[in-house]
Amino acid sequence: MKTEHTDAQAARRRALNILRVDSSGRGTGSTTRRLADHLIAAIRRVNGGMASVVRRDVAAGVPFVDESWI
């Protein structure tokens, strides 16, 4: 018989697919990028490292908005 606790443990062990969308023109100085880094690291820790991340950077397609412009 399964309990809520064992169901939660099993859910944590499933491989996760994470879509990360960055949009800040600030590359290294971006607070939201740093926050996303920490969040993904925490998810991987809790999930036993079983998480794949697909990254999309919408700011990379806007050549005139970059860290120096901001």
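Since every read-out is calculated from the coordinates, none of them should be taken as a lab result. Small disclaimer: the values here were computed from a predicted structure and weren't measured. Glycine gets a Cβ as well: all are built from the backbone with ideal geometry, and neighbour counts include every protein chain shown.
Say R0 is 22 Å: what FRET efficiency, to the nearest 0.05, do residue 37 and residue 68 get from their beta-carbon distance?
On the way: r = 22 Å, r/R0 = 1.00.
That pair, residue 37 with residue 68, gives E of 0.50.
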Quiz prompt | Residues whose placed amide H lies under 5 Å from that of residue 57, excluding near-sequence neighbours | solution = 22
Practice problem: Report, by chain and number, residues whose modeled amide H sits under 5 Å from the one on residue 67, excluding near sequence neighbours (fewer than 5 apart, same chain). | Solution: 27
